[in-house]
Amino acid sequence: MPRLDPHSYFDSDQPRTRRLDLDLAIEFDRRRVTGQVTLTLDRPSAGPLDLDSKGLAITSVRTTLGRPIVWEPGPEEPILGTRLRLTLPPGTEGVVITYETGHDAIGLQWLAPEQTAGRRHPFMFTQFQPIHARSMIPCQDSPMVRATYHAAVTVPEALTAVMSAGPEGAPVASEAGMRTMFFEMPQAIPSYLIALAVGDLACRELSRRARVWAEPATVEAAAWEFAGVEDMIVRAEQLFGPYEWDRYDMLVLPPSFPYGGMENPRMTFLTPTLLAGDRSLVDVVAHELAHSWTGNLVTNATMDHFWLNEGFTVWAERRILEALHGEAASAASWALGQTALAEAIARFGADSPFTVLRTHLEGVDPDDVYSSVPYEKGSLFVALLERTVGRERFDLFLRAYIQRFHFTSITTEELMAFLEQQLPGVAARVGAEEWLGKPGLPANAPVFRSASLEAPTSLAEGWAKGARPSAEQLATWSHIELLIYLQHLPRQLDAASCRWLDETLKLTARGNYEILVEWLTIAAASDYEPVFGRVREVLVKVGRMKYLRPLYGALGKHPRTRQLGRDIFAAAAPTYHALSRRVVESVMEKYDG
Ligand SMILES: [Zn+2]
């Protein structure tokens, strides 16, 4: 009974699910999803079938022909949840499970109307990566199992459901005040890419295959911000081959969404903090789009190989940026990535196993060790391979890799065997064993320099000696140059310096969250009172983990900002996603240490 995924009860000797049919009702008043799932197996089977489940209340399990199935829940395990063992009668082709979700299902977030832009209707959305599909659907919740799906989703008639799937047919009025919407996902995907959001939603067409969804109050701004998405798709196809998912739609979520984006196929989920009003943060869309090849077509077999998804995708994202905006733009993005990686390695410690690319996370909750490492160290490894063999050969390799493994889920070892076959000797030449298996950053990591970033970097590093940018310099800086400048400033400043920065650069009023949060992090760590109101406003409104970690961390530096941090968290915690709450709690644990 081999269990190959440390985060799933999936047993590779047992039949695999090849299709899911979901029939679900979204109950906002009880904050539950109820209904049934039919799992169609890849062959007629008998005997044990182990499924993942977390907090689900199961009411019945039958075969698709209606025969009862004996089922037995195992003990509750904190990371994995509960193993649901079914004993299939001979000839079972599929199972039908009737159930409802638990009270604190970690894969779902329920928002009260006040937490939405429109403030009139509730909202719910799912986030299943890495291992949370099991909190909404009893299933083989491992990326090693790929399945197509169909869904009938019943929602209040004023609301709209979207999924990581194509819509199928028109909605049908069901019981009083409700309607049922239908979805079909014809491509086989891992369970973590199943996604659902329900709210008061409107959409705008961006091209023949791209559309953006958002709350009505936000949809025009979203359509403007992401108007260039078709150009991105065209460039990406030139680089990586045909786009295989038919449509590329996007959904802008309410601000509590814990990530920048989530690459749910056919329906990328995005944080509204990208709506800067100047298209300066659309690199996140390039990232999620790039996952259409690296991650969604070729998928990590387990979370121990997460860098395969993220390292290749960050590299691909920067190739798209380079094709669209030139080498300087991608070099700036690499430079920002290097800073993020250095911070992550410093946080874990350079000898920590969580700075290794090919990890061994048995007994570890992947959410607890989520960081920039698989993204940035992973992309540097890909960039090193590219530099070593030359771009032309590497691009051919990448296309071959995608073609060879598309619609499969693979391990690091499978990638490396394919690399050796296609580009013999390259792995040894770059020191792949150290890159994949050792902590920290190898000495042969590529370094990206960008001439345009040297001025802001050296000005910031000269701060203590009195260096200041001139008005002329500031007038020509892009948002990335400004961000790099802020990143290289001393992390704590006196009040006069904070005042000078804010008056000169108008930082507290910025709508670009990357710049705003970088500034507020410095100002909060400096105990600079004039920004406290803005810090509170941002932390109460936005649940994106990327911003919560540095801001709450900065508030921990002084007694009165520590108290401020505790007060804000007490007010904001009920509105945060469970993942965001955990991040803040882990930051605040260090307040008194
Ligand atoms: Zn990603």
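Quick notes on this structure:
- Taking 7 Å steps out from each Cα toward its Cβ at Q238 and L4 produces label points 3.8 nm apart.
- Candidate aspartates and glutamates - alpha carbon under 13 Å from K541, same-chain residues fewer than 8 apart omitted: E114
- Model label points for A471 and D395, set 7 angstrom from Cα along the Cα-to-Cβ axis, are 4.6 nm apart.
- Averaging 1/r across all pairs of distinct Cα atoms in the chain and inverting the result yields a Kirkwood radius of 25.1 Å.
- Partners for K557 among lysines (Cα-Cα distance below 19 Å; same-chain residues under 8 apart left out): K546, K590
- Residues within the reach of a label modelled at F407 (point 7 angstrom out along Cα to beta-carbon, backbone nitrogen below 16 Å), restricted to region 1-22, are 17-20.
- Here the Karplus curve 6.51 cos²θ - 1.76 cosθ + 1.60, taken at θ = phi - 60°, turns the phi angles of region 355-371 into couplings of 9, 7, 6, 8, 8, 10, 9, 4, x, 10, 6, x, 5, 6, 10, 4, 7 Hz, with x standing for Gly and Pro.
- Helix 479-488 vs. the chain, principal-axis angle (Cα, 0 to 90°, nearest 10): 80 degrees
- Size of charge dipole - region 68-170 - debye, nearest 20, with Cβ of Lys, Arg +1 and Asp, Glu -1, no other charges: 180 debye
- In terms of Cα atoms, the Rg and Dmax of region 532-590 work out to 9.9, 27 Å.
- Residues T40 and E362, FRET efficiency given R0 of 22 Å [Cβ-Cβ distance, rounded to 0.05]: 0.15
- Candidates A342, A152, A105 compared by Cα position along the dipole of the chain: farthest toward the positive end lies A342, with charges placed on Cβ.
- Contact order normalised by residue count of region 205-351, Cα under 8 Å, 6+ apart, percent: 18 percent
- In this label model, S207 and A573 are separated by 4.5 nm, measuring between points 7 Å along each Cα→Cβ vector.
- Carbon/sulfur fraction of accessible area - region 53-141, other protein chains in place, 1.4 Å, %: 55 percent
- Over the chain: helical MRE at 222 nm, DSSP H runs n ≥ 4 each giving -39500 (n - 2.57), nearest 500: -11000 deg cm²/dmol
- Accessible surface calculations at 1.4 Å, restricted to protein heavy atoms, place the chain at 39 Å² per residue.
The values are calculated or read from the model by the stated rules, or taken from the named source; none is laboratory data. Keep in mind that what you see is a predicted model, and the values were worked out from it rather than measured. Neighbour counts run over all protein chains shown; Cβ positions are idealised from the backbone, glycine included. Just the protein is used for accessible areas: all its heavy atoms, side chains included, with ligands, DNA and RNA removed. Shrake-Rupley method; radii C 1.70, N 1.55, O 1.52, S 1.80 Å.
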